[in-house]
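Encoded as structure tokens, the structure appears first; notes follow it.
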Amino acid sequence: MNMEYQTREYPLFSACGLNCGLCPRYHTDGRSKCPGCAGECFSDKHPPCGVLSCCQRKGVEYCFMCDEYPCGKYKDADLYDSFITHKNQFHDFEKAKRRGVDVYKAELNRKLRALGQLLENYDDGRRKSFFCLAVNLLDLPNIEIVMEQLSGETNTESPLKSKAMTAVRLFEELSLKRGVSLRLRKKQS
């Protein structure tokens, strides 16, 4: 039985602190496409979510707005990833809390535009997850550095595979300098 959730106005930043708009499943066409946290038809795509149910029951948009945050639902939440990285979950919540949710959403929207450009112009059919992860884990100024470098190192006439390889190289070089691993952390069985 699916739980029905109240549709959230901004499903791209989840109640639990994940950047749903930067998830590969959000950018997928077809049956596995995710609408984001309590986005349209969310209940048709997801099993019940205890965090979302709790937030909606308590009348808070994000967990960090609750007096009990962080509660037991967050035990080891940032140790492993699923389709999307959980690594910056608490850090992103802290930014939203400190600077304001609207400021955080504006930054996330800029990241979404960069990701859209990457998927449209540099994805050779094999880079969606990589680009989603890179844009999620790197801060906006670093993403903008790579985007500027890409416009200088590639042109519209370059083969897509070449443009994709250049984008991956630039993100990997920058992430190495910043000490950011661009790999999902899978839970060992």
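Since every read-out is calculated from the coordinates, none of them should be taken as a lab result. Keep in mind it's a predicted model, so treat the numbers as computed, not measured. Here Cβ is always computed from backbone atoms with ideal geometry, including for glycine, and neighbour counts include all displayed protein chains.
The sum of -39500 (n - 2.57) across all DSSP H runs of n ≥ 4, divided by the residue count of the chain, sets its helix-only mean residue ellipticity at 222 nm to -14500 deg cm²/dmol.
Computed from Cα atoms, the angle from the helix 89-99 axis to the main principal axis of the chain rounds to 80 degrees. Cross-link partners of Lys97 among aspartates and glutamates, defined as those whose alpha carbon lies under 15 angstrom from its own and excluding same-chain residues fewer than eight positions apart: Glu61, Asp67, Glu68, Glu107. Entry for segment 20-178 at q = 0.12, 0.13 Å⁻¹: log10 I(q)/I(0) = -0.60, -0.69, Debye formula applied to identical alpha-carbon scatterers, no solvent contribution. With both labels modelled 7 Å from their Cα along Cα-to-Cβ, the Ser151 to Arg110 distance reads 1.4 nm.
Available extension along the chain between Thr7 and Gln117 is 36.8 nm, counting 0.36 nm per residue and deducting the alpha carbon span. The P(r) of segment 10-71 has a tail past 19 Å containing 28 percent of all C-alpha pairs. Explain nothing, just the number: relative contact order of segment 32-189, from Cα pairs under 8 Å at least 6 residues apart, as a whole percent. Relative contact order here is 21 percent. Of the two radii for segment 84-189, the radius of gyration is 0.99 times the Kirkwood radius, both from the alpha carbons; that is the Rg over Rh value. Distance from the alpha carbon centroid of segment 107-172 to that of segment 1-70 works out to 26 angstrom.
The tail of the calculated P(r) for segment 134-189 beyond 14 Å holds 57 percent of all Cα-Cα pairs.
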